[in-house]
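Below: one structure, written as structure tokens.
The values are calculated or read from the model by the stated rules, or taken from the named source; none is laboratory data. Bear in mind the structure is a predicted one, so any value in this text is a computation, not a measurement. Cβ coordinates were reconstructed from backbone atoms using ideal geometry, including for glycine residues, and neighbour counts include every protein chain displayed. SASA here: full protein model, heavy atoms, side chains in, ligands and nucleic acids out. Shrake-Rupley method; radii C 1.70, N 1.55, O 1.52, S 1.80 Å.
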Amino acid sequence: IGMFIGASARGPINRPQRCVNYAAFADKFGEDTTAGQLAQYVRLFFLNGGTDCWVLRTAHLPAASSVTLRNEAGTADSLILTAKEQGADGENIRAVVSYGGAQPEVTFNMDLFAWELQSGQRVKARKESWKNLSMDPTSSNFAPTFLTQNSKLVDAALPGAPAPLIQGVSQSGHP
């Protein structure tokens, strides 16, 4: 089993990730080599017969990108979107809000995507589309909770709300 530690444009920071093939690596960390040679080394590992490895992405003083969305009138902050992963990749995430649902005065839609370079062209990648989101805390589609639980790109929170306490467990099941 190989272990790779290095920089990449995206992926979880300081949390080792198991990769059993190059496609799993590319899905988590991307194939961009502008941030470092991690992708190149992992690719060579699998091309030369490797079958299982752990990858740890590192970065100097990483921060997660965020944006505050305002209400339709532009008079108040409504929702804060924060990139799930720290680093520059969060700067490439875009959110598009529309009101084309069955009840546009109550619900809204949000399309999320990340700009990525593919063969020298900037394309929309990692697309997500969420319909009938609501700002009503009693709704099952309450935007802050729904997006945080379902989106692979962003977490959402109400302005002024305390950061959620995230409690996890190790692979052995210990808190």
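Annotations
- Ranking of Arg94, Arg43, Arg126 by solvent-accessible surface, largest first: Arg43, Arg94, Arg126 (1.4 Å probe, protein heavy atoms only, all chains present).
- With a Förster radius of 41 Å applied to the beta-carbon distance between Asp136 and Asp27, the computed FRET efficiency rounds to 0.75.
- Rel. contact order, % - alpha carbon contacts under 8 angstrom, at least six apart, the chain: 17
- Look at the dipole of the range 1-104 built from charges on Cβ: of Thr51, Ile13, Phe29, the Cα furthest out on the positive end belongs to Thr51.
- Spin-label pair Ala88/Ile1, simplified geometry with 7 Å Cα→Cβ offset, distance in nm: 3.2
- For semi-axes √(5λ) of the Cα gyration tensor in Å, calculated from these coordinates, the label among (i) 27, 16, 15; (ii) 56, 18, 13; (iii) 34, 19, 15: (iii)
- Bridgeable aspartates and glutamates around Lys124 (alpha carbons under 14 Å apart, same-chain partners fewer than 8 residues away excluded): Asp89, Glu91, Asp111, Glu116.
- Area of Thr107 that stays accessible when all protein chains are in place (1.4 Å probe, Å², to 10): 20
- Per residue, the average separation of C-alpha pairs within less than 8 Å and at least 6 apart gives the range 58-149 a relative contact order of 17 percent.
- Rolling a 1.4 Å probe over the protein heavy atoms gives the range 1-107 an accessible area of 59 Å² per residue.
- Full extension of the segment from Gln40 to Arg122, taken as 0.36 nm per residue of separation minus the current Cα-Cα distance, would add 27.4 nm.
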